[in-house]
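What follows is one structure encoded as structure tokens, with my remarks underneath.
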Amino acid sequence: MFEILGICLLLAALLTFNSFASLVTGGVWRVFGGTTHRWSAFSRARLIFLLRTFPALVTMLCVLLLFVPAYLAYEPRHTSENVSLKLAVLAFISAIGIGVAAARGIAAWRVTARLAGDWIDQSERISVAGINIPTYRIDHYFPLIAIVGIFRPRLFIATQVLDLLTAEEINAALSHEKGHLSARDNMKRGLLRACRDSLLIIPCGRSLDRDWAEASEEAADEWAASEGGNVALDLASALVKIARIIPEGARPTMPAGVFLFGDDEGVGILGRVRHLLAFAAEVDRPVHPTILRPVTISALVGVASFGVALAFNSHPVLSSVHSLIEHAVFALS
């Protein structure tokens, strides 16, 4: 019973803490998100990603560095406490969420690998200046420019896009894709989906997901536009031209691919074109602030270090955590 009770409490704690933290961060974004509209899209995308993944990270740290050590240290091995129906239901819901996230992640990886393989078989490898990943020209019904894959990314460009755009517009579109590569957006998209799927039954943070999708596309636009010259205008022109030839209702299926037009609802072409035109008129606008990454990493390292210190060097803290566990078991009995 010691092991079964511990596993059920662990799963219930993961669900409860993650749901609560996700609701809090989602509420914070709804209240204060409007104040970030004057930020660069690059900064907004990073902030939203941090808010969306922070609950899961903090939950795992708290559970692994506080909950588990407290339970192992203070719970009697031959406990008389039983797993109540309420606790079992919470644990079951949590297990389903984790299982769904894992299953969908594996399924997305397999679908992506299979479709990427099919695309490679149907395409011709080409060399593009400034692109250091494998690049392919493909005859496809959708006018795509897509980076596919996380650990071994590949770039696919539809033949009709190469025929339609000018050299300057193609370079601008490729710069947009390089922005996605630099930001590791495919990996971030996968992590966001995992966070969403793990709370499938208790939907939290959906607005953050939509806002990140929009901000990440605009951030890649800004990355391209920051090269100067007429790149912002060339990219806006490319977006308009490609939008005109998209088949109605068409959307290629690629779970781990980033497209020039994005693959999430709510990322509007008109809004991006307006953003690019506005960006072209603001030559001094900051795009890639270097302070965000060190601050983010430092904050995460600090949280982890603090948790480790509490878990392994503070017996009163672990005793208090175990007391909370006992109260939770009693409340759920």
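The values are calculated or read from the model by the stated rules, or taken from the named source; none is laboratory data. In this text the structure is predicted, and so the values were computed from the model without any measurement. Here the Cβ is made from the backbone with ideal geometry for all residues, glycine too, and neighbour counts use every protein chain on show.
Here is how the numbers come out for the structure above:
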read-out: Candidate set from the stretch 209-222 (those that are surrounded by fewer than 24 Cβ atoms within 10 Å (Cβ to Cβ) and under 10 Å from the mean Cα position of the chain (by Cα)); member that is nearest to residue 269 (Cα to Cα); value: 213
read-out: From the options 38, 52, residue that is within 30 Å of residue 220 (Cβ to Cβ) and modelled with pLDDT under 85; value: 38
read-out: Qualifying residue in the stretch 83-94 (condition: at pLDDT below 85, touching a Cys at 6+ places or on another chain (Cβ under 8 Å) and hydrophobic (A, V, I, L, M, F, W, C)); value: yes
read-out: Extreme residue, nearest to the chain's Cα centre (by Cα), among residues of the stretch 170-201 that are surrounded by 22 or more Cβ atoms within 10 Å (Cβ to Cβ) and of a type in the set (Asp, Glu); value: 185
read-out: Enumeration of residues in the stretch 151-193 that are hydrophobic (A, V, I, L, M, F, W, C), assigned to a helix (DSSP H, G or I) and touching a residue at least 60 places away in the same chain (Cβ under 8 Å); value: 161, 164, 170, 172, 173, 183, 191, 192
read-out: Counted residues, the stretch 110-129 - those being assigned to a helix (DSSP H, G or I) and either touching a Leu at 6+ places or on another chain (Cβ under 7 Å) or surrounded by fewer than 16 Cβ atoms within 10 Å (Cβ to Cβ) (or both); value: 8
read-out: Subset of the stretch 58-71 (residues that are buried (at least 17 other Cβ atoms within 10 Å of the Cβ) and more than 14 Å from residue 4 (Cβ to Cβ)); value: 58, 59, 61, 62, 63, 65, 66, 67, 68, 69, 70
read-out: Sole residue being more than 21 Å from residue 47 (Cα to Cα) and acidic (Asp, Glu), chosen from 169, 217; value: 169
read-out: Positions within the stretch 114-136 being over 21 Å from residue 173 (Cβ atoms) and of a type in the set (Lys, Arg), in sequence order; value: 114
read-out: Single residue of 49, 20 found to be surrounded by 19 or more Cβ atoms within 10 Å (Cβ to Cβ), of a type in the set (Phe, Trp, Tyr) and within 19 Å of residue 194 (Cβ to Cβ); value: 49
read-out: Boolean, residue 100 is surrounded by fewer than 21 Cβ atoms within 10 Å (Cβ to Cβ), in contact with a helix residue (DSSP H, G or I) (Cβ under 6 Å, 6 or more places away or on another chain), within 19 Å of residue 206 (Cα to Cα) and not charged (D, E, K, R); value: yes
read-out: Residue under evaluation residue 4, criteria (1) among the aliphatic types (A, V, I, L, M); (2) assigned to a helix (DSSP H, G or I); (3) surrounded by 15 or more Cβ atoms within 10 Å (Cβ to Cβ), criterion not met; value: (3)
read-out: Near pairs, Cβ below 7 angstrom, 6+ apart or cross-chain, from the stretch 44-61 (farther than 17 Å from residue 20 by Cα) to any residue that is surrounded by fewer than 20 Cβ atoms within 10 Å (Cβ to Cβ); value: 44/36; 46/292; 47/36
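For (1) touching a Leu at 6+ places or on another chain (Cβ under 9 Å); (2) buried (at least 16 other Cβ atoms within 10 Å of the Cβ); (3) assigned to a helix (DSSP H, G or I), each residue gets a yes or a no:
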{"site": "53", "(1), (2), (3)": "yes, yes, yes"}
{"site": "56", "(1), (2), (3)": "yes, yes, yes"}
{"site": "73", "(1), (2), (3)": "yes, no, yes"}
{"site": "79", "(1), (2), (3)": "yes, no, no"}
{"site": "87", "(1), (2), (3)": "yes, yes, yes"}
{"site": "91", "(1), (2), (3)": "yes, yes, yes"}
{"site": "94", "(1), (2), (3)": "yes, yes, yes"}
{"site": "106", "(1), (2), (3)": "no, no, yes"}
